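This report refers to the structure that appears directly beneath it.
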Amino acid sequence: MDKRTVVTAVLCSAVALGASAAMTKVVPAGDGKARGHAKAARTTTPSRPPSQPSSQSQAPERRQQSDGRNPGPSASPSAPGGAVAFAGALFAGDATGDHYCTATVVHSPGRNLIATAGHCLSAGRSGERGASFAPAYADGRAPYGTWRIAEVFEDPRWSDGTDDDYDLAFARLAPDAEGRAVEDVTGAAVLDTTGRTDEQVTVTGYPSGRQVPRTCVSRAVRLSATEQRFDCADFPTGTSGSAWIAADGKIIGVLTGGDTDDVSTSTILTDYASALYARATGPAGGGR
């Protein structure tokens, strides 16, 4: 079973129950390589067997870890524009069930876009009972509200061929119940598609079965032309889709898998990510 099959099963079960180039700052409110497991929550067996540990391991920098109650220095769960404010959990339906992946609000002209892993969502338009996004979700509460996913954009090399080098998705969100665009409420992170890696990043993810996010600061390490690695303890199932945010506030990666709970991987964001972002924010994608 591949990574898309896992999440499709999650989304289908919900239906059955009722159903770019670099920017500069955080935007305030208003090749023969082995791949690891996806880290999307699942109730079935893992989507693929464990890959062999990389021989290109590099010792990470000293890591700062936290849960959502006591975030590290780069995260502020209470203030819009902070790393935890615009990171959130994905739910198969509304936010009353279990979350299964992580996503992050990305600055866009329509102020309505999130980024996550491709295997967390299925490309195309979503119905009224589709997945939803709850930024800063914690302890069973969505302090900023919830937003329904309206349409998902993926590279066809992922959506049609499950090529791990393109395991990335952008999702356009419908306005919330009060008519608000998500970025106007939470702020957003900007996207960098210049292929950056080998630098410190902050990653906030939502482990499945837990009620608070997990944040860790460590170093992204290049493994190949298309893949990078992040070593931090306890990033298990559910953290797929977590944005890798550099010190300047830009997203330079999105968590797509890992050999173990302590090793996570991301594609390196290059021209393919820029083209996908352009599709998601263009007129056909609901951009302004």
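Quick check: is even one residue across region 246-259 open to solvent by 10 Å² or more (accessible area, probe 1.4 Å) and either of a type in the set (V, I, T) or in contact with a helix residue (DSSP H, G or I) (Cβ under 9 Å, 6 or more places away or on another chain) (or both)?
no
Which of the residues that make up region 273-283 are of a type in the set (S, T, Y) and crowded, with 18+ Cβ neighbours inside 10 Å?
Y277, T281
For region 100-128, name all the residues that are assigned to a strand (DSSP E or B) and open to solvent by 10 Å² or more (accessible area, probe 1.4 Å).
Correct list: G124, R125.
Modelled with pLDDT under 95, surrounded by fewer than 24 Cβ atoms within 10 Å (Cβ to Cβ) and not charged (D, E, K, R): does that describe T270?
no
Filter region 233-265 down to the residues that are within 16 Å of V201 (Cα to Cα), outside any strand (DSSP E or B) and of a type in the set (V, I, T) and list them by number.
If the condition is that a residue be within 16 Å of V201 (Cα to Cα), outside any strand (DSSP E or B) and of a type in the set (V, I, T), then T239 is the only one that fits.
List the strands (runs of 3 or more DSSP E) inside region 145-232, counting only whole elements, that have at least 3 residues being farther than 19 Å from D248 by Cα and either open to solvent by 10 Å² or more (accessible area, probe 1.4 Å) or hydroxyl-bearing (S, T, Y) (or both).
147-154
The values are calculated or read from the model by the stated rules, or taken from the named source; none is laboratory data. Source: prediction; values computed, not measured. When we count neighbours, we look across all protein chains shown, and the Cβ atoms used for this are built from the backbone with ideal geometry, even at glycine. The area values use the complete protein model at the heavy-atom level, side chains included, leaving out ligands, DNA and RNA. Shrake-Rupley method; radii C 1.70, N 1.55, O 1.52, S 1.80 Å.
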